[in-house]
Amino acid sequence: MTVAAKLVVVQTKRTLREPAAVFFVIAFAPLFALLMGLIFGNDPVPEFGDRGYIDANLASITAIVVAISGLVVVPTDIVTQRETGALRRFRATPLRPLTYIAADVVVRFALSMLGIAVMFVVGILAFGAHAHGSLIAVLTASALSVLTFLAVGYALAAVLPSQGVAQGVGNVLVFPLIILSGAAVPLAVLPGGVRQGAQLSPLTQLVELLQGLWMGQTWSENSLPVLVLLGVIGLATAVAATFFRWE
Amino acid sequence: MRSGEGTAFCAPGDEGCSGSVAFGCENVVKHYGEVRAVDGVSFEAHRGEIFGIIGPNGAGKTTLVECIEGLRTHDSGSIGVLGLDPQRQTRLVRERTGVQFQTSALPQRMKVGEALDLFAACYEQPADWRDLLARLGLENKTGSYVETLSGGQRQRVFIALALVNDPDLVFLDELTTGLDPQARLAIWDVIRDIRDGGTTVVLTTHLMEEAERLCDRVAIVDHGRIVALGTVPELIAAAEVEGNMSFAVDGSPPLDRLRALPGVSYVEHLEGRVVVHGNSARFAQEVMGVLAAVDERVHDLRSEQPSLEDVFLELTGRQMREGAPA
């Protein structure tokens with residue numbers, strides 16, 4: 001087995017052995033869908049245009065989990081590994097830094113996608129959620145969003161100095177962005193000015209992309225959110241590549 | 001022996017280096033802003049020796065070693081490691097060297113066997129890591145999580161990681177700090193075995209006893225310079241530090257005759273006990289000659305030789321140093 005494959009195996013095992021990681025990376029999305037479904041059910045209601053709660057909101061749960069992962073979990077984890085000297089230990093070997101990062105990204109991506117896929121299965125099978133558009137398109141957008149927020153996580157890890165700061169900054173960012181995204185609270189209930197300002201948030205754009213595709217819109221109708229997400233990937237990757245430190 | 005004296009430099013690609021020299025530094029300088037952390041260091045380590053680097057906190061030891069390891073870039077001067085340039089041939093140097101950091105960890109929830117297997121895969125020609133764990137007495141810990149091991153066991157895991165590529169040169173930083181005496185002695189045996197297997201060992205340490213017992217040669221670093229280099233007996237002989245002989249005596253001791261001996265610097269007389277301080281080749285014999293000739297009963301004769309610690313304090317001073325980066 002090559003070192004990249006070994007890294008993938010070991011990182012996967014490590015993550016699965018860590019209860020907090022299993023919860024936030026894999027279990028959170030399906031549990032969130034389950035909880036919302038049990039509380040609100042999926043009967044058609046007028047505030048969601050005569051659709052059920054799960055029907056209207058399932059796709060946007062993806063945005064909540066990728067935001068928590070990319071803004072809090074990933075940077076805190078990477079900064080902790082830097083602080084404890086775990087990254088330094090790898091740096092003293094001939095291992096190429098990009099190999100390490102690629103393996104890390106592959107594992108985080110795969111486990112996040114697993115959680116998101118199970119979430120859709122729960123929504124569809126347990127509550128009868130129905131995608132009016134292509135489920136493949138929704139999962140593709142989910143994959144794009146996981147990558148976007150992984151890049152953001154790496155960028156934050158590169159610029160934030162310590163585990164405590166990473167946790168603090170992550171929490172300060174994540175709650176307002178989720179509230180402004182329309183994934184947790186319908187944007188319609190927010191004041192007009194706030195609603196317009198919210199459009200500047202990439203997370204709001206992501207929710208609109210996911211809900212649009214779920215409701216049957218085409219990709220070309222959503223070119224703005226896609227461009228925003230690609231822009232964030234580019235910017236975050238540049239920041240991470242410039243400032244990433246191994247110790 | 002002072003730094004810069006008779007050091008044949010081991011340049012990258014220099015044929016002579018593949019012979020007896022593990023690495024060489026010539027006039028290496030490293031600044032952090034205005035501070036010269038490494039201030040013109042020249043020395044070399046021989047193949048198959050345990051080379052100790054000691055110095056006060058902030059003396060520049062770690063920076064110097066990190067420049068040699070290729071983990072940090074130096075500003076000027078040159079460094080050759082196993083005939084390679086650690087700044088330009090970094091991966092080749094890493095293939096053939098091992099590093100154990102003072103502050104290092106493995107990612108959480110990793111088993112000992114997984115860690116060794118993973119790090120072995122980072123190298124082109126890894127050692128048999130199961131064999132290595134057995135040599136370090138860790139063969140039963142393959143399935144244990146690293147964080148559940150005792151301090152001594154964990155330290156041996158990090159030594160195993162530093163040796164997993166069967167390196168020609170291994171750097172060990174503060175190897176036994178914080179370990180109990182049994183674990184320390186066991187690890188010293190391991191290091192001697194490594195040396196006897198042909199690997200050059202560079203040991204950075206705060207513990208004078210460790211340097212004294214383990215190192216074939218020692219460099220004392222202070223203010224970014226090497227202030228002394230040699231075997232421990234050489235360092236003690238070269239430094240102007242004194243030993244002492246002390247004894248108890250019934251009646252009045254021959255203080256004047258002791259003070260008159262060549263090599264005696266001063267004599268203390270406290271509560272029936274006499275301490276004679278001095279430093280000369282025949283110091284002990286001279287003192288005993290005087291004692292043999294006196295009528296009073298002399299008992300409880302003790303001799304204290306100067307130690308590496310005395311040399312270290314003599315060369316680096318006794319004032320406390322804090323806050324400087326190690």
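The values are calculated or read from the model by the stated rules, or taken from the named source; none is laboratory data. Remember, predicted model here, so these are calculated numbers, not experimental data. We place every Cβ from the backbone using ideal geometry, glycine too, and count neighbours over all the protein chains shown.
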Residue list for the range A:227-246, restricted to those being part of a helix (DSSP H, G or I) and not hydrophobic (A, V, I, L, M, F, W, C): A:G231, A:G234, A:T237, A:T242
Of (1) within 14 Å of chain B (Cβ to nearest Cβ); (2) buried (at least 20 other Cβ atoms within 10 Å of the Cβ); (3) not in a helix (DSSP H, G or I), A:M1 fails just (2)
Please list, ordered by residue number, the strands (runs of 3 or more DSSP E) wholly in the range B:123-235 having 3 or more residues that are out of contact with any Asp or Glu (no Cβ under 9 Å at 6 or more places or on another chain). B:169-173, B:217-222, B:225-230
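Look at B:A120 and say whether it is within 13 Å of another protein chain (Cβ to nearest Cβ), crowded, with 17+ Cβ neighbours inside 10 Å and not in a strand (DSSP E or B). Give the steps one after another, and end with the answer.
On the way: within 13 Å of another protein chain (Cβ to nearest Cβ): yes; crowded, with 17+ Cβ neighbours inside 10 Å: yes; not in a strand (DSSP E or B): yes.
Criteria met by B:A120.
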Of the residues in the range B:25-66, how many are in contact (Cβ under 8 Å) with a residue 12 or more places away in the chain, more than 18 Å from B:I220 (Cβ to Cβ) and either small (G, A, S) or not in a strand (DSSP E or B) (or both)? 2
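Just give me the residues in the range A:9-24 being away from chain B (no Cβ under 14 Å) and in contact (Cβ under 8 Å) with a residue 24 or more places away in the chain, in sequence order. Before the answer, list the steps.
The first filter runs over the range A:9-24 and keeps only residues away from chain B (no Cβ under 14 Å), leaving A:23-24.
Answer for the range A:9-24, where residues must be away from chain B (no Cβ under 14 Å) and in contact (Cβ under 8 Å) with a residue 24 or more places away in the chain: just A:F24.
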Taking the condition of a type in the set (G, A, S) and touching an Asp or Glu at 6+ places or on another chain (Cβ under 7 Å), does A:G41 pass? no
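Restricting to the range A:201-226, and then to whatever is outside any loop (DSSP other than H, G, I, E, B) and hydroxyl-bearing (S, T, Y), can you tell me which residue is nearest to A:A56 (Cα to Cα)? I'd like the intermediate steps shown before the answer.
We begin by selecting, within the range A:201-226, every residue outside any loop (DSSP other than H, G, I, E, B); these are A:202-214, A:220-226.
In the following step, the residues that additionally are hydroxyl-bearing (S, T, Y) were identified as A:204, A:220, A:223.
On the way: A:T204: 15, A:S220: 21, A:S223: 21 Å.
Of everything passing the filter in the range A:201-226, A:T204 is nearest to A:A56 (Cα to Cα).
For B:A211, indicate whether it is in contact (Cβ under 8 Å) with a residue 24 or more places away in the chain and surrounded by fewer than 20 Cβ atoms within 10 Å (Cβ to Cβ).
Details: in contact (Cβ under 8 Å) with a residue 24 or more places away in the chain: yes; surrounded by fewer than 20 Cβ atoms within 10 Å (Cβ to Cβ): no.
So B:A211 does not fit the description; no.
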I'd like the full set of residues that are closer than 17 Å to B:T103 by Cβ and more than 13 Å from every other protein chain (Cβ to nearest Cβ), limited to the range B:160-192. B:L175, B:T176, B:T177, B:G178, B:L179
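Quick grid of which residues meet (1) in contact with a strand residue (DSSP E or B) (Cβ under 6 Å, 6 or more places away or on another chain); (2) at negative phi; (3) surrounded by fewer than 16 Cβ atoms within 10 Å (Cβ to Cβ); (4) in the same structural domain as B:G70 (by TED's automatic domain parsing):
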| position | (1), (2), (3), (4) |
| --- | --- |
| B:Q108 | no, yes, no, yes |
| B:G137 | no, no, yes, yes |
| B:N140 | no, yes, yes, yes |
| B:T148 | no, yes, yes, yes |
| B:Q153 | no, yes, no, yes |
| B:D173 | yes, yes, no, yes |
| B:A186 | no, yes, no, yes |
| B:R195 | yes, yes, no, yes |
Would you kindly identify the helices (runs of 4 or more DSSP H) lying entirely within the range A:40-105 that contain at least 3 residues that are within 24 Å of A:A141 (Cβ to Cβ) and touching a residue at least 12 places away in the same chain (Cβ under 8 Å)? A:53-68
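In the list A:F90, A:F149, A:F127, which residue meets the criterion of being modelled with pLDDT of 95 or more and not aliphatic (A, V, I, L, M)? Write out each step before concluding.
Values: A:F90 fails: modelled with pLDDT of 95 or more; A:F127 fails: modelled with pLDDT of 95 or more.
Of the residues listed, the single one that is modelled with pLDDT of 95 or more and not aliphatic (A, V, I, L, M) is A:F149.
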Taking the condition of being in contact with a strand residue (DSSP E or B) (Cβ under 9 Å, 6 or more places away or on another chain) and either buried (at least 19 other Cβ atoms within 10 Å of the Cβ) or among the acidic types (D, E) (or both), how many residues in the range A:34-55 meet it? 4
Name the residue that is nearest to the other protein chains (Cβ to nearest Cβ), counting only residues in the range B:91-110 that are more than 16 Å from A:R89 (Cβ to Cβ) and free of Cβ contacts under 8 Å to residues at least 60 places away in the same chain. B:R91
Within the bounds of the range B:255-271, is there any residue that is under 30 Å from B:E95 (Cα atoms) and either surrounded by fewer than 17 Cβ atoms within 10 Å (Cβ to Cβ) or free of Cβ contacts under 8 Å to residues at least 40 places away in the same chain (or both)? no
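Based on what the data block shows, is A:A29 under 17 Å from the mean Cα position of the chain (by Cα), of a type in the set (A, V, I, L, M, F, W, C), away from every other protein chain (no Cβ under 14 Å) and part of a helix (DSSP H, G or I)? Break it down stepwise before answering.
Numbers: under 17 Å from the mean Cα position of the chain (by Cα): yes; of a type in the set (A, V, I, L, M, F, W, C): yes; away from every other protein chain (no Cβ under 14 Å): yes; part of a helix (DSSP H, G or I): yes.
It is true that A:A29 is under 17 Å from the mean Cα position of the chain (by Cα), of a type in the set (A, V, I, L, M, F, W, C), away from every other protein chain (no Cβ under 14 Å) and part of a helix (DSSP H, G or I).
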Unmet criterion (only one of (1) in the same structural domain as B:Q305 (by TED's automatic domain parsing); (2) within 30 Å of the chain's Cα centre (by Cα); (3) of a type in the set (G, A, S)) for B:G230: (1)
